[in-house]
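To start, the structure under review is shown below, and the notes come after it.
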Amino acid sequence: MEPAVLARREEKIQVAMIALCGCWGCTLSFLDMDERLLDLLEKVSITRSSLTDIKRIPHQCAIGFIEGGVANEENIETLTHFRENCDILISVGACAVWGGVPAMRNMVSLGECLKEAYIDSPTAPPQSKSVIPCHEDIPRLTSKVYPCHEVVKMDYFIPGCPPDADAIFKVLDDLVNGREVDLPTSLTRYD
Ligand code: SF4
């Protein structure tokens, strides 16, 4: 959807956020917009927030913010649901953009990773009690951690770990006011 079309809507612009495999740090950057959030709320309604972690949205939203990468099957289902129900989808932060810290496990096989974490770790219980968790309620891990755009189409990217609140505000402000997104290099971080 073109930003200009978005801005011409008479009703409030519906925004939804969700966290996949990350640390919620990007959500805190969202909150760091502080009082600017109050001004935005005149034009924007936040339908879903990562703070409630409700992984389904009840109706079509204009903008979806995704924090975190894809590390398990539940992440794939959630991301696909957001893609189907958001006109514009934005990767927020290093984990969503390229996998981030969780993607460090891609250097070894999933089996080696789980063995190191649960069996061989110095903090694991004695060998006879060590066990790799496995239960139908625990989402199945994917063999690798993926950035969001390798699973579904993403429309915009805000890098950084986490991105500055100024960067998130700039992208959101551009969209709700019908401008093409233009994130200056001064607000673009790769750490
Ligand atoms: S990008 Fe950084 S701050 Fe954001 S979820 Fe990943 S680790 Fe946390």
Checklist entry - When only the heavy atoms of the protein chains count and the probe is 1.4 Å, how do LEU38, LEU79, LEU31 rank by accessible area, highest first? => result LEU38, LEU31, LEU79
Next on the checklist: Checking the cross-link filter: which lysines have an alpha carbon closer than 21 Å to that of LYS129, excluding same-chain neighbours under 8 positions apart?
Outcome noted: LYS115
Item to check | Given charges at Cβ of Lys, Arg, Asp, Glu: the stretch 62-110 dipole, positive-most of SER91, LEU79, ALA62 | outcome: SER91
Checklist entry - In degrees, nearest 10, range 0 to 90: what is the angle between the Cα axis of helix 165-176 and the longest Cα principal axis of the chain? => result 50
Checklist entry - Round to a whole number: what % of the accessible area of the chain belongs to carbon and sulfur, probe 1.4 Å? => result 56
Checklist entry - Which angle from 0 to 90°, rounded to the nearest 10, does the C-alpha axis of helix 73-85 make with the longest principal axis of the chain? => result 10
Item to check | Computed helical MRE - 222 nm, the chain, DSSP H runs ≥ 4 contributing -39500 (n - 2.57), nearest 500 | outcome: -8000 deg cm²/dmol
Checklist outcome for this item: Cα convex hull volume per residue for the stretch 113-191, in Å³, equals 168
Checklist entry - When we measure straight from the Cα of LYS55, which lysines land under 21 angstrom away, once same-chain ones fewer than 8 places off are left out? => result LYS153
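The values are calculated or read from the model by the stated rules, or taken from the named source; none is laboratory data. Everything numeric in this text was worked out from a predicted model, so none of it was measured. Cβ coordinates were reconstructed from backbone atoms using ideal geometry, including for glycine residues, and neighbour counts include every protein chain displayed. Just so you know, the surface numbers come from the protein's heavy atoms only, side chains and all, with ligands and any DNA or RNA stripped out. Shrake-Rupley method; radii C 1.70, N 1.55, O 1.52, S 1.80 Å.
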